[in-house]
Amino acid sequence: MVDFGSDYTMTINGKAVISDDHFEAFNPATEEVLAVVPDASRDQLDQAVAAAKAAFTSWSARPVAERQAMVAAIGDAIEAHAEDFMRLLTLEQGKARAGAEWEIGGSAIWCREIAKQSLPTHVAEQTENRIAETRRVPLGVVGAITPWNFPVLLAIWKIAPALVAGNTMVLKPSPFTPLCTLKLGELVRDILPPGVLNVVSGGNDLGAWMTEHPAISKISFTGSTATGRKIMASASGNLKRITLELGGNDPAIVLPDVDPKTVAKELFWAAFQNSAQFCVAAKRLYIHADIYDDLRDELVTYARTIKVGDGLDQGTDLGPIQNRMQFNKLKDLLAEAKADGIEAVLGGEALEGPGYFVPITIFDNPPEDSRVVREEAFGPVLPLLKFDDIEDVITRANDTEYGLAASVWSHDIQTARSIAERIEAGTVWINEIHSFSPHIAFGGHKQSGIGIENALDGLAEYTNVQTIFTRSTADEAESAAS
């Protein structure tokens, strides 16, 4: 029986492992210490990698149906312990009940749906005595590094396809949110063979050791673009395969035929879901001049109905910023905006503790070159930006190093589609946002990432291509003919 309230241990080769060194996990709503967590040594990482490497031979040789069944069973186990996971997720990440339900429920669904996927062998060429077949083969040991905004779901986005494809894994959660992931590792000890999934906890040093480790064949990372660049450089040492899902400064474009009253609620959540700690949150809201004032006022009116507080409290809609580092970045961003005279029609200053709380902040048409527009805030800070020309707004929307996602809002679907096709982003939603599926590819353009997650494209990211040519000998050809 897994105790979600204590005994946080790593999982190496199917066993509970502690460490000589430790670090603390905090509740971001109260700043209280939640737990003391093992800080893996380099030797323990080597043990985890060795266990994964030893398990790879038998795991990859299992029929894919058996691997699929075990991945689906992980989803069943998450669902069976959903209440425990949701409470612990709120404690360590801060999100309110609705957000925890979305993440934990989604994690169970992802396991089951990815478990239905497989990559068939493709017959590229076939003649009477010769055949060329291309198949997908697993890479070996995958190193997965996950972020603090959706610690469970984004771990499953990596675990499920990697294991279905026949790989084994060493998984490292963010040191800001290690608890649910450590309990997930504990939970799967009774589901997976030893060594197939190893979970180790630690800080930046552990991540660096993983990216340079010669026995890890691939790194799958979700996090900041700055860290992604470092991982790409480090992984070059042995030409590791990489999947990088990185930052975004995602534009939303609202055309003048939209009714401000109807769309305000949806646009609010497009920007502020998970306290805007969301790589695909609408982070720059471009509103046509004809409806700018009305939509701004509707957004502010709706925002005033939202309760920001401890995610465990009844009625809380949005929780705190997850960690002090990010909280301080947001405080600095808001202070600079105030010093520059940028008008906030709501919010504008971080709250005093306890807890890392930043109020919902909406800026009124700040300069395009201001930090609140150019940078990914990764917190509840939204600039509203006015436009009156479609060519101009497309240029402004694309004027960023990022290209993760975007959205376009209009009753004129043809016009919206023509704009969407010109946006430099991996995902563009029209009249909706934040729709994901295990069967729909997701990935970024430009400096928002490399590679794909989800769908068969994402499954293929955990494989190498192998083509086998088979030519019958003359005797075999004659025998077959007779």
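The values are calculated or read from the model by the stated rules, or taken from the named source; none is laboratory data. Only a predicted model underlies this, so the values are computations on that prediction, with no experimental measurement involved. When we count neighbours, we look across all protein chains shown, and the Cβ atoms used for this are built from the backbone with ideal geometry, even at glycine.
Structure values in brief
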| read-out | value |
| --- | --- |
| Residues being more than 20 Å from L330 (Cα to Cα) and either outside the structural domain of D389 (by TED's automatic domain parsing) or among the charged types (D, E, K, R) (or both) - total across segment 273-293 | 2 |
| Some residue of segment 439-454 being within 30 Å of Q126 (Cβ to Cβ), touching a Phe, Trp or Tyr at 6+ places or on another chain (Cβ under 8 Å) and touching a residue at least 24 places away in the same chain (Cβ under 8 Å) | yes |
| Pick from segment 305-324, criterion β-branched (V, I, T) and surrounded by 15 or more Cβ atoms within 10 Å (Cβ to Cβ), ranking: farthest from L179 (Cα to Cα) | I306 |
| Residue match in segment 39-58 (condition: within 30 Å of T316 (Cβ to Cβ) and not in a loop (DSSP other than H, G, I, E, B)) | no |
| Pick from segment 113-142, criterion among the β-branched types (V, I, T) and in contact with a strand residue (DSSP E or B) (Cβ under 8 Å, 6 or more places away or on another chain), ranking: farthest from A460 (Cα to Cα) | I131 |
| Segment 18-36, residues that are in contact with a helix residue (DSSP H, G or I) (Cβ under 7 Å, 6 or more places away or on another chain) and either crowded, with 19+ Cβ neighbours inside 10 Å or not assigned by TED's automatic domain parsing to the domain that holds A96 (or both) | A25, N27, A35 |
| Unmet requirement for K95, which otherwise passes all of (1) assigned to a helix (DSSP H, G or I); (2) under 16 Å from the mean Cα position of the chain (by Cα) | (1) |
| Unique residue being in contact with a helix residue (DSSP H, G or I) (Cβ under 6 Å, 6 or more places away or on another chain) and part of a loop (DSSP other than H, G, I, E, B) when the list is G247, G237 | G247 |
| Qualifying residue in segment 264-279 (condition: farther than 29 Å from N27 by Cβ and either touching a residue at least 40 places away in the same chain (Cβ under 8 Å) or within 18 Å of the chain's Cα centre (by Cα) (or both)) | yes |
| Residue among I219, I191 that is in the same structural domain as R42 (by TED's automatic domain parsing), in contact (Cβ under 8 Å) with a residue 60 or more places away in the chain and within 23 Å of V2 (Cβ to Cβ) | I191 |
| Residue in segment 240-276 that is farthest from Y302 (Cα to Cα), counting only those that are among the polar types (S, T, N, Q) and in contact with a Leu (Cβ under 9 Å, 6 or more places away or on another chain) | N249 |
| Selected residue (only one of V393, V372 is of a type in the set (V, I, T) and touching a helix residue (DSSP H, G or I) at 6+ places or on another chain (Cβ under 6 Å)) | V372 |
| Matching residues, segment 298-318, being assigned to a loop (DSSP other than H, G, I, E, B) and in contact with a helix residue (DSSP H, G or I) (Cβ under 6 Å, 6 or more places away or on another chain) | G311, L312 |
| Failed criterion for L334 (all others in (1) in contact with a Ser or Thr (Cβ under 8 Å, 6 or more places away or on another chain); (2) surrounded by fewer than 21 Cβ atoms within 10 Å (Cβ to Cβ); (3) assigned to a helix (DSSP H, G or I) hold) | (2) |
| Given (1) buried (at least 23 other Cβ atoms within 10 Å of the Cβ); (2) within 20 Å of the chain's Cα centre (by Cα), index of the condition V254 fails | (2) |
| Test: residue in segment 294-304 that is of a type in the set (V, I, T), in the same structural domain as R371 (by TED's automatic domain parsing) and surrounded by fewer than 24 Cβ atoms within 10 Å (Cβ to Cβ) | yes |
| Identity of the residue in segment 3-17, over 26 Å from the mean Cα position of the chain (by Cα) and either among the small types (G, A, S) or at negative phi (or both), that ends up surrounded by the most Cβ atoms within 10 Å (Cβ to Cβ) | V17 |
| Top-ranked residue of segment 144-192 - restricted to ones that are assigned to a helix (DSSP H, G or I) and β-branched (V, I, T), ranked as nearest to A215 (Cα to Cα) | I159 |
| Candidate set from segment 114-138 (those that are surrounded by fewer than 17 Cβ atoms within 10 Å (Cβ to Cβ) and charged (D, E, K, R)); member that is nearest to the chain's Cα centre (by Cα) | K116 |
| One residue from I394, I440, I423 being modelled with pLDDT of 95 or more and not assigned by TED's automatic domain parsing to the domain that holds I287 | I440 |
| Test: residue in segment 188-201 that is more than 17 Å from Q47 (Cα to Cα), of a type outside the set (A, V, I, L, M) and under 22 Å from the mean Cα position of the chain (by Cα) | no |
| Qualifying positions in segment 405-423 - assigned to a loop (DSSP other than H, G, I, E, B) and touching a Phe, Trp or Tyr at 6+ places or on another chain (Cβ under 9 Å) | none |
